[in-house]
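First the structure, in the form of structure tokens, and then the observations on it.
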Amino acid sequence: GENVEQHPSTLSVQEGDSAVIKCTYSDSASNYFPWYKQELGKRPQLIIDIRSNVGEKKDQRIAVTLNKTAKHFSLHITETQPEDSAVYFCAAKIQGAQKLVFGQGTRLTINP
Amino acid sequence: EPEVTQTPSHQVTQMGQEVILRCVPISNHLYFYWYRQILGQKVEFLVSFYNNEISEKSEIFDDQFSVERPDGSNFTLKIRSTKLEDSAMYFCASRLTGVVEKLFFGSGTQLSVL
């Protein structure tokens, strides 16, 4: 089955700098890759997603890139702000399957 | 934006007791899910439900677990005889159709088994 690995587990950046979180997946049949932000004690919330027919997607300060050949995808946050501090999870879904397989999460801390 | 709602927000139970976790998915959504998250760990898929039947389940979802959509709005997860290792945050989720991938999560039920 699908396996998703996420790095780093913790990331600390200065406010205003960029943050990059990387994930790899194992099953080449995966075709949907969402990113979720989870604040302490709250529900995971989708912040951006990408399908396998697209290499990059941007939404304001957030972007996701996908390299299907290498089976990895990354989340890029530019101009980080204190409210970006949270745990970020990547996930992958195999085409035709129902479940999302999540990475282990990255605790992002933005230092003022 | 519409939300998935879950009750209760916290549930404490004794080992061996049955618990039912309740969810109201977004009203026009057709696919329903349960995920769980043990403290500090990744979110794990338990089960998906479509057209009044289980469409996919994980190895975690053994005979102790069951799901039901008793009416047009509720979606429940039952754990028949809880174990200590069932302690986790349980998230219900729903999505609109098989084509629209976006998954909406509820706020979760924190289950503590003593």
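Check whether at least one residue in segment A:51-61 is away from chain B (no Cβ under 14 Å), of a type outside the set (Ser, Thr, Tyr) and out of contact with any Ser or Thr (no Cβ under 8 Å at 6 or more places or on another chain), and report yes or no. Steps first, answer last, please.
To start, the set of residues in segment A:51-61 that are away from chain B (no Cβ under 14 Å) comprises A:55-56, A:58, A:60-61.
Those left that are additionally of a type outside the set (Ser, Thr, Tyr): A:55-56, A:58, A:60-61.
Of the ones still in play, those that are also out of contact with any Ser or Thr (no Cβ under 8 Å at 6 or more places or on another chain) are A:58, A:60.
Taking every residue of segment A:51-61 in turn, at least one turns out to be away from chain B (no Cβ under 14 Å), of a type outside the set (Ser, Thr, Tyr) and out of contact with any Ser or Thr (no Cβ under 8 Å at 6 or more places or on another chain).
List pairs: first in segment B:52-76 and within 12 Å of chain A (Cβ to nearest Cβ) and part of a strand (DSSP E or B), second basic (Lys, Arg) and surrounded by 15 or more Cβ atoms within 10 Å (Cβ to Cβ), Cβ under 6 Å, 6+ apart or cross-chain?
B:Glu56/A:Lys99
So if I check each of B:Leu39, B:Leu46, B:Leu96, B:Leu103, which one is at pLDDT 95 or above and of a type in the set (A, V, I, L, M)? Step through it out loud before you land on a result.
Values: B:Leu39 fails: at pLDDT 95 or above; B:Leu96 fails: at pLDDT 95 or above; B:Leu103 fails: at pLDDT 95 or above.
It is B:Leu46.
Going through A:Lys37, A:Lys71, A:Lys22 one at a time, which residue ends up being surrounded by 12 or more Cβ atoms within 10 Å (Cβ to Cβ), within 14 Å of chain B (Cβ to nearest Cβ) and touching a strand residue (DSSP E or B) at 6+ places or on another chain (Cβ under 8 Å)?
Details: A:Lys71 fails: within 14 Å of chain B (Cβ to nearest Cβ); A:Lys22 fails: within 14 Å of chain B (Cβ to nearest Cβ).
Sole residue among the options that is surrounded by 12 or more Cβ atoms within 10 Å (Cβ to Cβ), within 14 Å of chain B (Cβ to nearest Cβ) and touching a strand residue (DSSP E or B) at 6+ places or on another chain (Cβ under 8 Å): A:Lys37.
Answer yes or no as to whether A:Gln14 is polar (S, T, N, Q), under 14 Å from B:Val43 (Cα atoms) and modelled with pLDDT of 95 or more. It would help to see each step written out before you state the result.
Working: polar (S, T, N, Q): yes; under 14 Å from B:Val43 (Cα atoms): no; modelled with pLDDT of 95 or more: yes.
Judged against the criteria, A:Gln14 is not a match.
Say we look at segment B:24-36 and pick out the residues that are in a strand (DSSP E or B) and touching a Ser or Thr at 6+ places or on another chain (Cβ under 7 Å); which of these is surrounded by the fewest Cβ atoms within 10 Å (Cβ to Cβ)?
Taking segment B:24-36 first, the residues in a strand (DSSP E or B) are B:24, B:31-36.
Add one more test, that the residue is touching a Ser or Thr at 6+ places or on another chain (Cβ under 7 Å), and what stays is B:24, B:31-33.
Working: B:Val24: 16, B:Tyr31: 19, B:Phe32: 21, B:Tyr33: 29.
Within segment B:24-36, the match that is surrounded by the fewest Cβ atoms within 10 Å (Cβ to Cβ) is B:Val24.
Considering only residues that are among the charged types (D, E, K, R) and at pLDDT below 95, look in segment B:69-84 and name the one that is nearest to the chain's Cα centre (by Cα).
Once the filter is applied, the top-ranked residue is B:Arg69.
Among residues belonging to segment A:91-110 that are assigned to a strand (DSSP E or B) and under 18 Å from A:Ser30 (Cα atoms), point out the one that is nearest to the other protein chains (Cβ to nearest Cβ). So that I can check it myself, show each step before the final result.
Taking segment A:91-110 first, the residues assigned to a strand (DSSP E or B) are A:91-94, A:101-102, A:106-110.
From the residues that got through so far, the ones that are under 18 Å from A:Ser30 (Cα atoms) too are A:91-94, A:101-102.
On the way: A:Ala91: 8, A:Ala92: 11, A:Lys93: 7, A:Ile94: 10, A:Val101: 7, A:Phe102: 4 Å.
Filtering first and then ranking leaves A:Phe102.
The conditions are (1) touching a residue at least 40 places away in the same chain (Cβ under 8 Å); (2) loosely packed, with under 11 Cβ neighbours inside 10 Å; (3) more than 14 Å from every other protein chain (Cβ to nearest Cβ), and B:Leu39 fails exactly one of them. Which is it?
(3)
Could you run through segment B:81-114 and say how many residues are surrounded by 13 or more Cβ atoms within 10 Å (Cβ to Cβ), part of a loop (DSSP other than H, G, I, E, B) and in contact (Cβ under 8 Å) with a residue 40 or more places away in the chain?
Result for segment B:81-114: 7.
The values are calculated or read from the model by the stated rules, or taken from the named source; none is laboratory data. Computed from a predicted model, the values in this text were never measured in an experiment. Using ideal geometry, Cβ is built from the backbone for each residue, glycine included, and neighbour counts are taken over all protein chains shown.
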